[in-house]
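The block underneath contains the structure these notes are about, expressed in structure tokens.
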Amino acid sequence: MKKVGVIMGSDSDLPVVEKAIDKLKEFGVPYEVHVYSAHRTPEQAGEFSRTAHEKGFGALIAAAGKAAHLAGAVAANTVLPVIGIPVKSSTLDGLDALLSTVQMPTGIPVATVAIDGAANAALLAIQILAVSDEALAEKLRQSRAAESRKVLEKNAAIEAKFNS
Ligand code: RP5
């Protein structure tokens, strides 16, 4: 199976990024985790991105806060699909990172999830791998069915409490 590369701009992003790692673990998808900054370690971020395809990655997740250029910088150096997680920092509530990540110019797309939306980033990466992996696609279907059952159970409890 292809690997998912998870990159964060700083180790201070880890509390958010851990939700993506947990989801990859849950689905048994192989992954690597790195701290590479578009601004503080541009050489290492570029080198990782340029070599990721040949190293067996199938999708990359890049999380960063503030002037969040990491996902775009990674995407500039690879044709692998890149998923950006805008991380909420101490100021502007993550809107700065959201706009920096999502507003990519034509030609270099970044699939941007919600602010701090790490679990969805992992699920999207898994869906990308599942295009050519039927067992993984089936795991996704089972997971969604389980989520549906949970909501229906909650609905039943609410209905029993409020509806006569
Ligand atoms: C970004 O700046 C990082 O992704 C992080 O979200 C933010 C703050 O980094 P630290 O100053 O905590 O290392 O590049």
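The values are calculated or read from the model by the stated rules, or taken from the named source; none is laboratory data. Keep in mind that this is a model prediction, so the values were computed, not measured. Cβ sites come from the backbone with ideal geometry, for glycine too, and all protein chains shown count toward neighbours. Side chains included, ligands, DNA and RNA excluded: accessible areas come from the protein's heavy atoms. Shrake-Rupley method; radii C 1.70, N 1.55, O 1.52, S 1.80 Å.
At a glance:
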item	result
Test: residue in the stretch 47-62 that is farther than 19 Å from I128 by Cβ, within 16 Å of the ligand (Cβ to nearest atom) and assigned by TED's automatic domain parsing to the domain that holds I7	no
Residue that is least open to solvent (accessible area, probe 1.4 Å), among those in the stretch 92-103 that are in contact with a Ser or Thr (Cβ under 8 Å, 6 or more places away or on another chain) and more than 18 Å from D11 (Cα to Cα)	T101
Tally, over the stretch 107-139, of residues that are in a helix (DSSP H, G or I), open to solvent by less than 40 Å² (accessible area, probe 1.4 Å) and without any contact (Cβ under 8 Å) to a residue 40 or more places away in the chain	2
